[in-house]
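The values are calculated or read from the model by the stated rules, or taken from the named source; none is laboratory data. Predicted model, so just to flag it, every value in this text is computed and none were measured. So basically every Cβ, Gly included, is an ideal-geometry build from the backbone, and we count neighbours across all protein chains shown. Heads up: the accessible areas ignore ligands, DNA and RNA and are worked out on the full protein's heavy atoms, side chains in. Shrake-Rupley method; radii C 1.70, N 1.55, O 1.52, S 1.80 Å.
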Amino acid sequence: MLEYAEPVTKLIDELKRLPSIGHKSAQRLAFHVMRTPEADLERLIVALREVKQKIVLCSVCNNLTEVNPCRFCASSNRDHSVICVVEEPYSLVAVEKTRAYRGVYHVLHGSLSPIRHIGPSELQLANLLPRLKPENNEGVAVKEVILATNPTTEGEATANYISRLLKPLGLKVTRIAMGMPVGSDLEYVDEVTMDKALANRHEI
Ligand SMILES: [Zn+2]
């Protein structure tokens, strides 16, 4: 394999540490960086630094935010009696895009995975139980927790774990429905999706 100059190897090694970036992608990105004018790179460096300096986790829901508590937790227009639990901040954005949900959120920043050695203590879970008490929730009693983790083995395991944690508290714990993607054809849907779609059927 062709040996690169040390600064190039160093950059490739750093890029490889990013999620979903393998050696080839890291190489491509490194060469892109080398061809990019310095002023453009400077903007990227400033953006990276700013995000690190200005963005914090909301102390209530763990959402990424510039103000703490975040705009959802601080809003009086949101229903603080319903909490939607999601894996990542971008899952929150996906729910928010529907404009159908008016409750608040809880962001876990991951999902349980024995293979990747991610247990409950690696997730942002510790502040979920305390916020269910009215005295920690501006006097509002939480009525429902919606488990909107991903429909993957890890997401399912996470939902089951949290559900077991919350059930004894006597509040309503729900799981988002999973099934057929809109606009899809039955022929092309895998059996797990079809199974979930059948299980989650409703009367019309
Ligand atoms: Zn928040």
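Pairs of lysines 8 or more apart, or on different chains, with alpha carbons under 18 Å: count those in the chain, would you?
Within the chain, the lysine pair count is 7.
For the chain, the Cβ-based charge dipole about the Cα centre amounts to some 540 debye (Lys, Arg positive; Asp, Glu negative; other atoms uncharged).
Under the convention that each Lys and Arg Cβ holds +1 and each Asp and Glu Cβ holds -1, the size of the dipole of the stretch 38-130 around its Cα centre is about 280 debye. Volume per residue of the convex hull around the Cα atoms, evaluated for the stretch 1-43, comes out as 80 Å³.
Hey, in the GNM for the chain with a 10 angstrom Cα cutoff, which one of Leu64, Leu44, Leu165 fluctuates hardest? Looking only at Leu64, Leu44, Leu165, the biggest GNM fluctuation is shown by Leu44. Among beta bridges identified by DSSP and lying wholly in the chain, the antiparallel ones come to about 20 percent. When Met178, Met194 are compared by accessible area of protein heavy atoms, the largest-first order is Met194, Met178, using a 1.4 Å probe. Once you reduce the stretch 1-64 and the stretch 76-142 to the center of their Cα atoms, the two points are 29 Å from each other. Taking the accessible area of the chain, probe 1.4 Å, and keeping the other protein chains in place, the carbon and sulfur fraction comes to 57%. Compared with the dominant Cα axis of the chain, that is its longest principal axis, helix 6-16 is turned about 10°. For the stretch 1-44, a crude dipole built from +1 on the beta carbon of Lys and Arg and -1 on the beta carbon of Asp and Glu, taken about the Cα centre, is about 240 debye to the nearest 20. For the residues Arg43, Arg131, Arg175, a GNM of the chain with alpha-carbon springs under 10 Å puts the largest fluctuation on Arg43. Extents of the chain, largest first, come to 62, 47, 33 Å (Cα atoms, principal axes, whole angstrom). Three principal axis extents describe the C-alpha atoms of the stretch 25-93; from largest down they are 52, 22, 17 Å. Residues whose amide H lies under 5 Å from that of Ile146, counting only those 5 or more places away or on a different chain, are Ile83, Cys84, Val85, Thr174; hydrogens are built 1.01 Å from N in the peptide plane. When Phe31, Phe72 are compared by accessible area at a 1.4 angstrom probe, the order from most to least is Phe31, Phe72. Return one number: the angle in degrees, 0 to 90 and rounded to the nearest 10, between the long axis of the Cα atoms of helix 153-166 and the longest principal axis of the Cα atoms of the chain. For helix 153-166, the angle is close to 40 degrees.
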